[in-house]
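In what follows, a structure is listed as C-alpha cells, so that the remarks can point back to it.
Just so it is clear, none of the values below were taken in a lab; they were calculated from the coordinates. Predicted model, so just to flag it, every value in this text is computed and none were measured. Positions of Cβ are generated from backbone atoms using ideal geometry, with glycine treated the same way; all protein chains shown enter the neighbour counts.
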Amino acid sequence: MDGANTANVAPVLILLGPPGAGKGTQARMLEEKFGLVQLSTGDLLRAAVAAGTDAGKAAKAVMEAGELVSDQIVIDILRDRLGDADCAKGVILDGFPRTTVQAEALDELLSESGQKINAAISLEVDDAAMVTRISGRYTCGSCGEGYHDEFKQPAKDGVCDKCGGTEMKRRADDNAETVESRLVAYHAQTAPLIAYYDGKGSLQKIDAMGSIDDIAGGLSAIVVKATA
Ligand code: AMP
C-alpha cells in the first residue's frame, strides 16, 4: 500500500467503465483472488427492488429507464453496506461512484475511517461492442456466476459450472433500448470521474476489449501493485 494506506488499512479499489465493460465479472474474479468484497450498487439496488423497500420502490422505474438513481439513495445504501463487518477485508467498488457527488461522498466516508482509494481502474472499451456484450449476458440465479451467449457459456447448457444451479436469469434492463440510455448516462455523468481520479493520482487504465482472462491478468497486476 502507499504512504497513506498503512498495512492494517483495508484496500479500496474502484472499477470504472460503461455498462458491459465487464466490471461485475472482473470484480467477482478479484474478490476470489484477493479475498476482497465486491460491492455492486446495482446488485444492492436490485435487492432493494426485490425486497420492496422504500429505496427499492423509488429506484425501480429509474433503473428500468436506464437512468441513474438519486445520489442520496445510492450513497445511503453504500454507506450501510460498507459498515458491514466483512468489508473490513477491503472492497472492490463496482458501479459506484457514478457521479461527482458520489465520488466526493465516498472520499468523505473513507476519510472518516482513515481509508483512501488505492486505485480507480478505468476499463476502456468501445461503445459499439457494449450492446452485444450486454444483450447476451445472463447469470446463475443461485450463485450469481455470470455467463454470455457468445463469450462464456457453461460447460453443460443451462447448468452453472460453479454451483450446478439450473435457474439462469437475465436482467430486465439488459435490452438494446435501455442499454442506449445507460451509455448516455455513463458518458454524461460517470465518464468525468476518469479526470476526477486522474487529478488525484489514483487513476489506472486497462484495455478491456480482450478476453476475460487477459483482462483479469492485467487487473490483478494493477491490484497487486496498488495494494503492496
Ligand atoms: P449496474 O448493475 O451497475 O449496471 O446498475 C444497474 C442500474 O442501477 C443502473 O443503470 C442505475 O439505474 C442503477 N445504479 C447502480 N449503481 C448506481 C449508482 N452508483 N448511481 C446511480 N444509479 C446506480
Taking the radius of gyration and the Kirkwood hydrodynamic radius from Cα positions alone, what is the Rg/Rh ratio for region 73-130, to two decimal places?
-> 1.02
Short version: ³J(HN,Hα) in whole Hz for each residue of region 16-29, in order, from phi by Karplus 6.51 cos²θ - 1.76 cosθ + 1.60 (θ = phi - 60°), x for Gly and Pro, what are they?
-> 10, x, x, x, x, 5, x, 4, x, 4, 5, 4, 5, 5
Amide H contacts under 5 Å for S122, restricted to residues at least 5 apart in sequence or on another chain and with H modeled in the peptide plane, are L16, Q204, K205, I206
Of K156/K205; K152/K205; K23/K169; K60/K89; K57/K152; K57/K205, pairs whose Cα-Cα distance is over 29 Å = K156/K205; K60/K89; K57/K152; K57/K205
Cα extents of region 179-228 along the principal axes, largest first, in whole Å, come to 35, 29, 12
Solvent-free Debye scattering, log10 I(q)/I(0), computed from the Cα coordinates of region 97-198 at q = 0.13, 0.16, 0.21 Å⁻¹ | -0.68, -0.89, -1.03
Which cross-chain or sequence-distant (5 or more) residues have an amide H under 5 Å from the amide H of Q38, H modelled 1.01 Å from N in plane?
-> I92
What value does the chain have for Rg/Rh, both radii from Cα atoms and Rh as Kirkwood defines it?
-> 0.94
Per-residue ³J(HN,Hα) for region 48-62, Karplus 6.51 cos²θ - 1.76 cosθ + 1.60, θ = phi - 60°, Hz, x for Gly and Pro | 5, 5, 5, 7, x, 6, 4, 4, x, 5, 6, 7, 3, 5, 5
Region 53-94, Rg to Rh (Cα coordinates; Rh as Kirkwood inverse mean 1/r) = 1.06
Just the isolated ones, please: cysteines in the chain lacking another cysteine beta carbon under 4.7 angstrom.
-> C87
